[in-house]
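The structure appears right after this line, and notes come after that.
What follows draws every value from the coordinates through simple rules; no lab data is involved. From a predicted model like this one, the values you see are computed outputs, not experimental measurements. All Cβ positions, even for glycine, are placed from backbone atoms using ideal geometry, and neighbour counts span all protein chains on display.
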Amino acid sequence: MTLIKSISGIRGTIGGRSGEALTPVDLVKFTAGYAGWLHRQTPGRRLKVVVGRDARVSGEMLQHIVCGTLMACGVDVVYIGLATTPTTELAVVFEQADGGIVLTASHNPAQWNALKLLNGQGEFLDAAAGRALLELAEQGADEFAEADRLGVLTENHTFTGRHIEAVLQYPLVDVEAIYRAGFKVVVDAVNSVGGVAIPALLEALGVGVVPLFCEPTGRFAHNPEPLPDHLGELSARVVAEQAGLGVAVDPDVDRLAIVCEDGSMFGEEYTLVAVADYILSKRAGHTVSNLSSSRALRDVTERYGRRYFASAVGEVHVVNEMKRVQAVVGGEGNGGVIVPDFHYGRDALIGLSLFLSLLANKGASCSQLRDTYPRYYTSKNKLALSPQTPIEALLEKLTTVYADERITTGDGVRIDFDREKKWIHLRKSNTEPIVRLYAEAPAQALADALAAEVMALLVPGSSPPHRSH
């Protein structure tokens with residue numbers, strides 16, 4: 001059983017003992033801590049919080065405990081039901097609420113769930129706010145409200161429609177071109193909320209939809225992370241249906257992966273690259289992604305004479321860097337697209353709509369579009385941690401071994417081998433008890449070899465335990 005407390009939220013496996021997993025006791029503790037933190041931001045004022053969830057089988061249990069705890073803390077709750085993470089973020093803005101909680105463990109397997117915590121702008125809490133909230137939770141929340149001050153629960157299930165309408169109205173979404181293109185798209189929503197939101201969006205754009213795992217039962221049909229190893233059925237269905245492309249999202253729909261018409265992977269790293277290409281063709285500005293994202297975004301950005309910036313891994317860090325440099329687009333190489341004048345959050349709905357706008361305007365097939373971008377290959381690996389793993393010492397060892405290369409620290413260690421246009425990034429995950437080891441190079445064999453070389457330095461005699469590209 002696992003419980004991970006971080007500024008990214010509270011994430012854990014369901015069942016077991018409190019303090020060791022995500023149990024009802026822990027849900028009350030951290031929800032009350034969040035309510036206490038909100039009360040300290042605006043003392044003396046009645047507060048309102050939006051709550052939405054993905055389709056995980058544990059979601060209904062979390063919903064009742066979290067909403068009830070907020071009410072017990074004197075906070076009014078707007079429960080929006082099954083909703084994507086970006087929909088919940090936008091609902092905070094639409095409702096002019098003081099914050100929001102998304103009940104989702106994102107790409108984690110079905111036995112996991114989590115509280116993703118939002119501020120009044122519908123954005124994830126920054127590091128300072130996250131630390132303050134965790135301290136409050138550990139100390140014990142304020143006294144709970146008396147009977148005449150309890151929060152009031154209302155339900156509003158209109159926000160998926162409002163999210164879609166906002167996408168259709170976004171100036172760079174070329175609804176007419178998409179409609180004329182007559183796309184046919186296979187959608188793999190891994191039996192979560194994407195099965196509601198993505199088909200509805202596509203139908204509103206005049207796109208033909210072939211649903212695959214779109215019933216929001218929460219019983220994931222395959223590993224829910226939208227990586228190539230998990231998308232074989234989607235790939236085969238795209239070819240069988242003679243569709244223009246396939247779309248895969250994770251359970252909370254903040255990540256977007258594309259499958260080309262021939263069943264090949266467009267590449268989750270290239271979702272952001274393509275959307276950035278489209279936006280940069282319309283608007284002047286800079287781009288941002290995190291240190292674990294493809295060099296291809298930098299290459300495409302520089303084609304337009306603009307600057308690329310890298311941030312630490314984590315949506316809040318990307319958003320902060322985007323605000324600092326006033327980027328016109330940014331995100332993460334896991335298929336997360338952030339369009340700042342739409343909303344500062346990863347959003348597969350706006351990302352997909354802009355991708356289709358680009359594809360329609362180019363008049364190209366998905367695979368032809370992919371071939372217009374610099375081709376890099378990734379090796380994405382995970383190394384399980386034990387409590388005794390001396391991770392900091394291991395990372396320090398790498399900076400010594402590769403002292404002649406360009407080294408970036410602050411979020412693990414990234415080593416750039418600029419002459420060969422390859423890099424490797426190692427960091428401890430915020431959401432799982434693992435070290436992530438990502439390598440990229442102009443050839444798959446080079447990326448795999450670099451990953452294997454570094455893994456052997458960390459764990460002599462080992463080879464990468466998992467790869468996707």
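Roughly how many debye, to the nearest 20, is the charge dipole of the stretch 1-131 about its Cα centre, given +1 on each Lys and Arg Cβ, -1 on each Asp and Glu Cβ, and no other charges?
The dipole magnitude comes to about 300 debye.
Within 10 Å of each residue's Cβ, count the other Cβ atoms and sort TYR373, TYR270 from fewest upward.
Neighbour counts put them in this order, fewest first: TYR373, TYR270.
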Cβ-isolated cysteines (cut-off 4.7 Å), the chain
CYS67, CYS73, CYS214
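Please list, by residue number, every one of the trypsin sites (Lys or Arg not before Pro) in the stretch 350-416 that is coil in DSSP and has at most 15 other beta-carbon atoms within 10 Å.
Taking the stretch 350-416 and a limit of 15 other Cβ atoms within 10 Å, the loop trypsin sites (Lys or Arg not before Pro) found are ARG375.
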Calculate for the chain the 222 nm mean residue ellipticity that helices alone would give, adding -39,500 (n - 2.57) per DSSP H run of length 4 or more and normalising by residue count, nearest 500 deg cm²/dmol.
-11500 deg cm²/dmol
Can you give me the relative contact order of the chain as a percent, contacts being Cα pairs under 8 Å and 6 or more apart?
12
Percent relative contact order of the stretch 377-458, based on C-alpha pairs within less than 8 angstrom and at least six residues apart?
36
Got a sec? How would THR158, THR389 order by Cβ neighbour count within 10 Å, fewest to most?
THR158, THR389
Among THR2, THR88, which comes first, second and so on when ranked by fewest other beta-carbon atoms within 10 Å?
THR2, THR88
Along the charge dipole of the chain, which of GLY410, GLY33, TYR79 sits closest to the positive end, that is, farthest toward it, with unit charges on the beta carbon of Lys, Arg, Asp and Glu (+1, +1, -1, -1)?
GLY410
Rounded if a/c is under 1.5, else prolate if a/b beats b/c, else oblate: with a ≥ b ≥ c from the C-alpha gyration tensor eigenvalues square-rooted, which is the stretch 43-113?
oblate
